[in-house]
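What follows draws every value from the coordinates through simple rules; no lab data is involved. Quick caveat, the model's predicted, so the values are computed rather than measured. Cβ coordinates were reconstructed from backbone atoms using ideal geometry, including for glycine residues, and neighbour counts include every protein chain displayed.
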Amino acid sequence: RNTPRHLFVDEALASRAYEDTALPIGYNQTISQPYVVAAMTDLVLRGNPRRVLEIGTGSGYQAAVLAPLVEKLYTVERIEPLARQARQRFRKLGLRNIRASHSDGIEGLPEFAPYDAIITTAATEEIPPALLEQLSPDGGRLVIPLGGPHYQTLTLVTRQGDTYEHGDLDPVIFVPLLRGCV
Ligand code: SAH
């Protein structure tokens, strides 16, 4: 309720911003469905994380929802104009604890690792090893949609030392996690 979703879509779509649906944000990408943002936020927060990494900034909406609820939110986006727009939105909304980078999230963000939680908002068949490595060994949580292009399962991976526990949650549909920056 505190995050004005209409500021995260194009003006032409602003009238639809409060529908519970994903919407296009250009570059073949989407802002996620609010229900899914809420579900993923809930999964992340259950671990009481201080430092969180998001892969796939997109519009910046998920980051803006999470940031006020954690100490520091890192977010990475591979498409430069999206990263830039999201940064402008964070500034406008006074969200000062977000660090937004234009980089390939398949590599995670090693500079600031480890993270108490990592949230991936793009889908992949296999978990990038860097994300597992950059998860805190002390109960770090990774939330990630796993599967092919048309159907994925939201998955929660919890790390304790060198042990990773996997739990399958809801069926979801996300755009694919792609390698390299553009
Ligand atoms: N969390 C976003 C949802 C964006 S859709 C929101 O709230 O609006 C997923 C995003 O992941 C897209 O913007 C896409 O460009 C980005 N993405 C895909 N592969 C990526 C990668 N390897 N590294 C960083 N971002 C990636």
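Around the amide H of Asp170, modelled in the peptide plane, lie the amide H atoms of Leu154, all under 5 Å away and 5 or more residues distant in sequence or on another chain. With the charge dipole of the range 86-182 set up from +1 on Lys and Arg Cβ and -1 on Asp and Glu Cβ about the Cα centre, the Cα lying farthest toward the positive end among the listed residues Leu178, Ile144, Ile98 is that of Ile98.
Counting only alpha carbon atoms, the long axis of helix 34-45 and the longest principal axis of the chain meet at about 30°. Of interest is the spacing of the C-alpha centroids, which for the range 59-119 and the range 126-153 amounts to 17 Å. Here is the list for the range 45-106: trypsin sites (Lys or Arg not before Pro) lying in DSSP coil, each with at most 15 other C-beta atoms within 10 angstrom of its C-beta, are Arg46, Arg50, Arg96. Across the range 10-27, rounded Karplus estimates of 3J(HN,Hα) from the backbone phi angles (6.51 cos²θ - 1.76 cosθ + 1.60, θ = phi - 60°) give 4, 3, 5, 9, 4, 5, 9, 5, 9, 7, 7, 9, 6, 9, x, 10, x, 6 Hz, Gly and Pro being marked x. Axis angle, to the nearest 10 degrees, between helix 80-92 and the longest C-alpha principal axis of the chain: 80 degrees. A quarter of the convex hull surface defined by the alpha-carbon atoms of the chain gives 9.3 nm² as the mean projection.
Only Cα sites of the range 62-131 enter the Debye sum here, all with the same form factor; the resulting log10 I(q)/I(0) across q = 0.27 1/Å is -1.42, listed in q order.
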